[in-house]
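Worksheet: the structure to be examined is printed underneath.
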Amino acid sequence: MSIDIEQEIVGAVAHVLKKPAHEIEPHVSFQQLGADELDMFELIIRFEDTFMLEITDEDATTLTCVNNVIEYVTRCRNNTNTAAL
């Protein structure tokens, strides 16, 4: 797991949810942190822009906490790197 990825995700979550980054625990759900549907939409857009990804609606429903997003971004990057070989 890349610390840079985690920092980017935590930073986005902190910004959107207006919470200090140190309060964002990787295993705590975005809903538990106070995210509503609009916040989740904004987070998905930020993740797509930050990591240059296209997140499907189906995949977006699985991104419920920082850890899920880290795993998703890492998996997408690995798939991209493998496809380039």
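Brief remarks on what is shown
- Check on residue 55, outside any loop (DSSP other than H, G, I, E, B) and surrounded by 13 or more Cβ atoms within 10 Å (Cβ to Cβ): no
- Within the range 3-16, the set of residues being within 11 Å of the chain's Cα centre (by Cα) and either of a type in the set (Val, Ile, Thr) or farther than 20 Å from residue 78 by Cα (or both) comprises 5, 9, 10, 11, 12, 13.
- The range 33-51: number of residues that are over 11 Å from residue 16 (Cα atoms) and exposed (fewer than 10 other Cβ atoms within 10 Å of the Cβ): 1
- Residues (surrounded by 14 or more Cβ atoms within 10 Å (Cβ to Cβ) and either over 23 Å from residue 77 (Cβ atoms) or polar (S, T, N, Q) (or both)) located in the range 17-32: 17, 19, 28
- Residue identified as in a helix (DSSP H, G or I), at negative phi, touching a residue at least 60 places away in the same chain (Cβ under 8 Å) and of a type outside the set (A, V, I, L, M, F, W, C) among 48, 6: 6
- Residue in the range 63-82 that is in a loop (DSSP other than H, G, I, E, B) and at pLDDT 95 or above present: yes
- Residues of the range 46-63 that turn out to be closer than 14 Å to residue 11 by Cα and over 10 Å from the mean Cα position of the chain (by Cα), as a count: 1
- From the options 80, 62, residue that is exposed (fewer than 13 other Cβ atoms within 10 Å of the Cβ), of a type in the set (S, T, N, Q), free of Cβ contacts under 8 Å to residues at least 60 places away in the same chain and touching a helix residue (DSSP H, G or I) at 6+ places or on another chain (Cβ under 8 Å): 62
- Residues being closer than 16 Å to residue 8 by Cβ and either modelled with pLDDT under 95 or in a helix (DSSP H, G or I) (or both) - total across the range 27-45: 4
- Residue that is surrounded by the fewest Cβ atoms within 10 Å (Cβ to Cβ), among those in the range 65-76 that are within 17 Å of residue 31 (Cβ to Cβ) and touching a residue at least 40 places away in the same chain (Cβ under 8 Å): 67
The values are calculated or read from the model by the stated rules, or taken from the named source; none is laboratory data. Only a predicted model underlies this, so the values are computations on that prediction, with no experimental measurement involved. Neighbour counts run over all protein chains shown; Cβ positions are idealised from the backbone, glycine included.
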